[in-house]
Amino acid sequence: MAKTAKRRPRGQGCLFQKKAGGVYYARWQSEGKVFIRSCQTTSRRDAEKLLSEFTAPFRLGSEAKILETLSARLGGVQDRIAKYEDEQPATSIMHGWQAYLDQSNRPDSGETTLRQYEFQFEAFAKWMTERHPNVTELRQVTQTHADEYAGHLQKKLSASTFNRHRNLLALVWKVLKKQARITINPWSEITRKRHTVQSRRELTVEELQRVIEASSGQMRLLLALGIYCGLRLGDAALLDWGNIDMAKGIISIVPAKTARRSGKRITLPIHRTLFEMLAATPSSKRRGYVMPDIAARYQSYDGALAKDILKLFASVNIKTSANRLTAAEIAEGGAVKKIKGKPKRAVQECGFHSLRHTFVSLCAAGGVPQSVVQSLVGHGNPAMTQHYTHINQETARNAVAMLPEIGTHADTLPAGTDATGAKLGTVLAMLDGLSDQELKQVIEQAGMIVEGRADK
């Protein structure tokens with residue numbers, strides 16, 4: 001028997017001839033049985049078509065069984081996975097914040113932002129424990145729970161603060177979706193509230209004078225950093241001596257607000273009044289935080305230092321809120337004032353950030369170009385800074401020098417420091433930055449001044 005069969009894919013059969021030039025026969029196998037059938041044609045092409053027709057019913061049946069088998073196996077795997085997941089402890093609300101911190105896919109956030117996030121999440125966790133103690137897992141939080149909590153927040157928070165709480169919870173649920181086996185994010189259905197942006201007003205020179213005179217010690221230095229550098233509260237409170245070059249008379253920092261986004265460093269010339277205050281600290285003690293007590297207060301809990309500043313402002317009759325909170329109310333907690341028995345949010349219009357506004361206004365009043373001011377404050381919004389011009393150190397120094405001196409030099413020194421000693425420290429710091437030739441010239445000129453005074 002002469003065979004001319006050609007190997008075909010498994011399951012599709014084959015063709016063969018019993019003798020050369022004879023008719024073709026089709027051969028295939030299904031479920032262990034062998035089938036042979038004559039094609040009754042000597043044409044290879046026609047025989048191929050007939051083979052396909054012969055085997056079609058068998059192929060369909062086989063494929064169906066294969067699919068059925070695979071489906072059963074897949075279902076078994078899914079059942080085992082589901083059983084395994086059910087046996088694993090689900091992410092609890094109590095441990096939700098730590099679970100969020102441990103996730104590699106969470107957005108980068110600064111230390112201050114993370115503290116605020118933690119406060120907001122823990123507030124929700126506490127509320128759930130009090131209102132719904134039987135709901136212990138993140139995946140058990142329903143839309144009803146989210147709506148109820150949103151209503152709770154609306155009663156006591158401003159629109160902007162409400163939105164921050166809502167956004168944080170939505171973010172946590174999104175980041176922990178896989179780990180916590182969350183099927184729905186209830187916070188995405190909570191509508192953000194519209195709010196009117198309340199800008200802090202700047203202070204007048206007379207108000208600045210009152211605040212400086214009422215302050216002392218490290219608090220006075222903190223205020224001076226706001227007035228003469230336009231620093232944000234966190235950047236000023238956590239200022240390190242490593243950021244200060246007394247010889248060059250500059251402060252160089254990367255603002256915390258923009259550190260993770262742009263990492264852009266800003267360099268600020270030190271105003272003469274601020275320089276004297278910094279120089280009052282002996283060089284041997286210029287290590288770590290410039291204001292250790294202020295730094296500790298800022299890091300103690302969210303808002304502590306800010307409330308101290310509001311209390312100071314109120315003590316010199318500077319209205320800090322649109323709802324006219326008194327100094328006593330601010331000292332007690334300050335953010336909320338009861339009107340007719342109902343809590344009412346106080347819209348803050350004046351605080352430490354007002355000093356940043358004041359810095360900008362004073363620079364503008366002194367004729368400092370807008371581009372220079374924008375560079376000095378280190379605005380972090382790329383959309384607003386893309387057209388800013390680069391300024392050199394001399395331009396920046398001249399701009400800061402235009403700012404008025406708030407109080408006498410003696411009055412602006414930290415409490416307990418000697419004005420004469422501060423002036424000497426200022427002179428010595430300046431001398432450290434001079435070359436040998438420049439120092440020689442200074443000594444000669446100083447000698448001439450002394451001789452002139454002696455002649456008188």
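Residues checked against (1) surrounded by fewer than 15 Cβ atoms within 10 Å (Cβ to Cβ); (2) modelled with pLDDT of 90 or more; (3) out of contact with any Gly (no Cβ under 7 Å at 6 or more places or on another chain):
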| position | (1), (2), (3) |
| --- | --- |
| LYS19 | yes, no, yes |
| TYR24 | no, yes, yes |
| GLN29 | yes, no, yes |
| SER43 | yes, yes, yes |
| SER52 | yes, no, yes |
Worksheet item: Quick check: anything in the range 270-278 outside any helix (DSSP H, G or I) and either in contact with a helix residue (DSSP H, G or I) (Cβ under 7 Å, 6 or more places away or on another chain) or not assigned by TED's automatic domain parsing to the domain that holds GLN116 (or both)?
Response: yes
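Matching residues to (1) in the same structural domain as VAL175 (by TED's automatic domain parsing); (2) out of contact with any Leu (no Cβ under 9 Å at 6 or more places or on another chain); (3) at pLDDT below 90:
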site: LEU101; (1), (2), (3): yes, no, no
site: LEU114; (1), (2), (3): yes, no, yes
site: ALA125; (1), (2), (3): yes, yes, no
site: ARG131; (1), (2), (3): yes, yes, no
site: THR136; (1), (2), (3): yes, yes, no
site: THR142; (1), (2), (3): yes, yes, no
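Taking the range 1-17 as the region of interest, how many residues are polar (S, T, N, Q) and modelled with pLDDT of 85 or more? Can you show your working first?
Step one: of the range 1-17, the residues polar (S, T, N, Q) are 4, 12, 17.
With modelled with pLDDT of 85 or more added as a condition, the list becomes 17.
Result for the range 1-17: 1.
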Worksheet entry | Subset of the range 255-281 [hydrophobic (A, V, I, L, M, F, W, C) and modelled with pLDDT of 85 or more] | ILE270, LEU274, PHE275, MET277, LEU278, ALA279, ALA280
Discussion item. Exactly one condition in (1) assigned to a loop (DSSP other than H, G, I, E, B); (2) over 22 Å from PHE352 (Cβ atoms) is false for GLY242; which is it?
Written reply: (1)
Worksheet item: Which one of these is of a type outside the set (A, V, I, L, M, F, W, C) and in contact with a strand residue (DSSP E or B) (Cβ under 8 Å, 6 or more places away or on another chain): LYS178, LYS156, LYS174?
Response: LYS156
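Quick one: would you say SER252 is over 24 Å from THR113 (Cβ atoms), without any contact (Cβ under 8 Å) to a residue 24 or more places away in the chain, surrounded by fewer than 20 Cβ atoms within 10 Å (Cβ to Cβ) and among the small types (Gly, Ala, Ser)? Before you say what the answer is, go through the steps one by one.
Values: over 24 Å from THR113 (Cβ atoms): no; without any contact (Cβ under 8 Å) to a residue 24 or more places away in the chain: yes; surrounded by fewer than 20 Cβ atoms within 10 Å (Cβ to Cβ): yes; among the small types (Gly, Ala, Ser): yes.
Spelling it out, it is not the case that SER252 is over 24 Å from THR113 (Cβ atoms), without any contact (Cβ under 8 Å) to a residue 24 or more places away in the chain, surrounded by fewer than 20 Cβ atoms within 10 Å (Cβ to Cβ) and among the small types (Gly, Ala, Ser).
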Worksheet, complete the sentence: Exactly one of ILE244, ILE227, ILE251 is at pLDDT 90 or above, in contact with a helix residue (DSSP H, G or I) (Cβ under 9 Å, 6 or more places away or on another chain) and under 20 Å from ASP293 (Cβ atoms), and that one is ILE244
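The values are calculated or read from the model by the stated rules, or taken from the named source; none is laboratory data. This one's a predicted model, so the numbers in the text were calculated from it and none came from an experiment. Ideal geometry is used to build each Cβ from the backbone, glycine not excepted, and the neighbour counts take in all protein chains shown.
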